[in-house]
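Take a look at the structure below.
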Amino acid sequence: MKKVSILIPCYNEEQSLPMLYARLAELCRSLPQYDWEILLINDGSSDNTLAAIRQLRQQDKRVCYIDLSRNFGKECAMLAGFDHVTGDCVIILDADLQQPPESIPHMLELWEQGYEDVYARRLSRSGESWLRRKFSLWFYGLLQKFSKDDVLRNVGDFRLLDRKCIDALRQVREQERYTKGLFVWIGYRKIEVTYEQAERAVGKSSFSFLRLLNLAIDGITSFSTAPLRISTVIGLIVSLSALAYMLYVFVKTLVMGGDPVQGFPTLIIVMLFLGGVQLLSLGIIGEYLARIFNETKNRPVYLIREKAMNQE
């Protein structure tokens, strides 16, 4: 009998977990040909999420959990899940019920046909603000231009991964993780399914606009060096422009004898522009240096305070 693991990162999902479990339990009953494992990762929740998880564990031993020592972020929580899941395939699912568990049977059918990465594409982004939707589309377009790998638009973490994919992802121990890019980077046979994203069952998303912006910066710097090249190109253009202007002033002085001292506002504007270009370039270089600094520390990606697994 093949084993299917469902991996669910949780952060302050106390209210949504009972509703999610009810739908997952029905799913498991409808597919008795599989052995099921439901692995919940408590990512340092500040509410009673851990207590809710323990209660689910008491009533159903298929429910396993890992309690991280603090909030490490969803990317690190998923890696903790990859390290501990025992299934022949793994389905990553959010706890907020925006991703329908009812799509899982179709994903399993495609997996049985030999596909190793069955990813789910959103047809709509219900419950998200106009600004957030536009920012997401802009980010995916920008990452597509910068990255060497094909970036999947409107595709999140909701997907089925074969054991081969999980074993590959376990080898990548980056501190600054952008898992959506890693899914593409590892390759393997992929196929798409689509779904309608529902609104959150309860509460609101813990991903603020600032956190999404930080995730976007991580995605671009993790999978592309294009910002560094852009900085180089801008510097080259500014230098050539300055050289051309210098030659123009030199020739004009020889031919026309020069001008009285003028152009103080122009001089200030040029100085501010060049200073801004320099600071922008230093900031881009700093982003990459900061990631190198974090990687060289070689700290563990996450720490576990408590766990309950059926197989160790």
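Side notes on the structure shown:
- Here the 3J(HN,Hα) profile of the stretch 39-45, calculated from phi with Karplus coefficients 6.51, -1.76 and 1.60 at θ = phi - 60°, is 9, 9, 10, 7, 8, x, 4 Hz, Gly and Pro shown as x.
- Most to least packed among 294-302, 33-41, 186-194, 88-96 [average Cβ atoms within 10 Å]: 88-96, 33-41, 186-194, 294-302
- Between Y188 and L280, the distance separating the two model label sites (each 7 Å from Cα on the Cα→Cβ line) works out to 4.0 nm.
- Sequence-distant residues sharing a close amide H with K307 (under 5 Å, placed H): D67
- Hz values of 3J(HN,Hα) by residue in the stretch 87-96 - Karplus curve (6.51, -1.76, 1.60), Gly and Pro given as x: x, 6, 9, 10, 10, 8, 9, 7, 8, 8
- The label point for L303 and the one for Q58, both projected 7 Å from the Cα toward the Cβ, are 2.9 nm apart.
- L247-E287 FRET efficiency (beta carbon distance; Förster radius 25 Å; 0.05 resolution): 0.10
- Beyond 24 Å in Cα-Cα separation lie the following of the pairs K2/K61; K74/K164; K74/K297; K61/K190: K61/K190.
- Residues with amide H under 5 Å from that of S45, placed H, sequence gap 5 or more: N12
Any read-out appearing in this document is the output of simple, stated calculations on the displayed coordinates, not a laboratory observation. If you're wondering where the values come from, they're calculated on a predicted model, not measured in any experiment. So basically every Cβ, Gly included, is an ideal-geometry build from the backbone, and we count neighbours across all protein chains shown.
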